[in-house]
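Structure first, then comments.
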Amino acid sequence: MRIGIVMGDGAGIGPEIVLKALSQWGDDGRVDFTVFGSPPPLNEMARRLAAPMPLLIDCDVHKNAPLQWKTATAVNGANTLAALRTAVEHAQTGRLDGVVIGPLSKEALHLGGMQEPDEGTLLRNLAGVPWVRLVVHWKNLFRTSVVGHVPFREILPTMTTEKITQAVGVLGKTMRRFGVEQSRIGVAGINPHAGDGGAFGDDEARVIAPAIAKARSEGWDVTGPHPADTLFVKALRGDFAGMVFMHHDQGNAPMKALAFGEGVVLYRGLPFPCATVGHGPAYGRAGEGRASAENLLLTLRTTVHWVNNEKHPPLS
C-alpha cells in the first residue's frame, strides 16, 4: 500500500509530527510512505530530533527561501499548495493509494495564491470532481456540516433541501464504509430549539424536514430536526452514531470543546481516500520538538483502514 503524506505548513508543527509519526509507525512492510513538502524545515527537524529522513518529493516553488517558523507566509503557502497539487496528481494517476494531509494554515494558503475558500474546495477543483464533503470521525461518532466555510449571512441561502439530503447520504455511506451499518443519524435544526414549532423561524419545516423525509425514503435511519445545542449530547449518550449539522460552527464548537485535535477529517467525494488531522499548524509550538504526533498517527491508521476497505469493501 502506498500512502502520500503532505507535510503541511512548513512554519508549523507539520515537519515535526510527520517525522515522529513515521518513526513510531516503524517498518511493517505493508505500507510505503512518501512525504510531499518542503525540504528545509523537514531536514532541520530531522537534525533536531535525530530522526531518519523519509522519502521526500521536493515540492518547493520558492527555492532557498530563509527558514522561518511560527508565522503564516506566502512562501510556505505557495510551497504547501504545490505539495497538495503534486500529491493529488500522484493519487489520480495511481501512484498512491491514499493521501494524508498534515496541518494546514488557510491564511498561508491564501497568501500563497489559493483562490478557493478552503482546502476541501481546492481538492475538489484539483481532482475535477463535482463535490467534496468533509466528514469528521471521532471514536465511534461521525459528523458532517451542510454548509462549510462561508460568511454567516450566506448560511441560509446555501442550506438547501438537496444539500441536506446529500449530506445525510454521504454520512451514512461513510459510516457503512467504516463498519457502522444500522446506526441512527440525527439532523440539527438551524434556529433556536429547532424553531420551536415555528416560533423562531420556519426553516426547519420548510427546508430541513423535507430533506429528512427524502433521506428516509432512500433508506437512511434519520431523525430530526433536533435542537443543535443538544444533538452532540444525545450522540454522546448513544442516541446517534452520525450527526448532520447545518453549518460549520454548530458541529465544530462542541467537538473542539470536548476533544480538540482528536478527530480525523475525511474528504469524501474524491476518487481516492484522503484525510487530514483535526488540528492546525500550532505555530506557537513550531520548531520546538514538543508537538504530539498522536492525531497524525490516528489519521494514518484511519486512512490505511479506509484504503483496505476500498479494496475489499464490507458487505452491505
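The values are calculated or read from the model by the stated rules, or taken from the named source; none is laboratory data. Note that this is a predicted model, so its numbers are computed, not measured. We place every Cβ from the backbone using ideal geometry, glycine too, and count neighbours over all the protein chains shown.
Annotations for the structure displayed:
- Residues of region 236-281 that are aromatic (Phe, Trp, Tyr) and buried (at least 23 other Cβ atoms within 10 Å of the Cβ): 240, 245.
- Residues located in region 108-117, provided they are surrounded by fewer than 19 Cβ atoms within 10 Å (Cβ to Cβ) and either farther than 21 Å from residue 264 by Cα or at pLDDT 95 or above (or both): 110, 111, 113, 115, 116
- From the list 136, 150, 132, the one residue that fits, being touching a Lys or Arg at 6+ places or on another chain (Cβ under 6 Å) and more than 27 Å from residue 19 (Cα to Cα), is 132.
- Residue among 149, 137 that is touching a Pro at 6+ places or on another chain (Cβ under 6 Å) and either in a helix (DSSP H, G or I) or touching a residue at least 24 places away in the same chain (Cβ under 8 Å) (or both): 149
- Residue within region 172-188 that is over 20 Å from the mean Cα position of the chain (by Cα), surrounded by 21 or more Cβ atoms within 10 Å (Cβ to Cβ) and touching a residue at least 60 places away in the same chain (Cβ under 8 Å) present: yes
- Residue that is surrounded by the fewest Cβ atoms within 10 Å (Cβ to Cβ), among those in region 27-58 that are small (Gly, Ala, Ser) and free of Cβ contacts under 8 Å to residues at least 40 places away in the same chain: 29
- Pairing each residue of region 236-265 that is in the same structural domain as residue 189 (by TED's automatic domain parsing) with any residue that is assigned to a loop (DSSP other than H, G, I, E, B) and of a type in the set (Val, Ile, Thr), provided the two are 6+ apart or on different chains, yields C-beta distances under 7 Å for 241/180; 246/190.
- Among the residues of region 160-196, those identified as outside any helix (DSSP H, G or I), at pLDDT 95 or above, within 13 Å of residue 212 (Cβ to Cβ) and not hydrophobic (A, V, I, L, M, F, W, C) are 186, 189.
- Exclusive hit being among the charged types (D, E, K, R) and farther than 27 Å from residue 310 by Cα, set 58, 27, 32, 97: 58
- Verdict on residue 290 being more than 14 Å from the chain's Cα centre (by Cα) and without any contact (Cβ under 8 Å) to a residue 60 or more places away in the chain: yes
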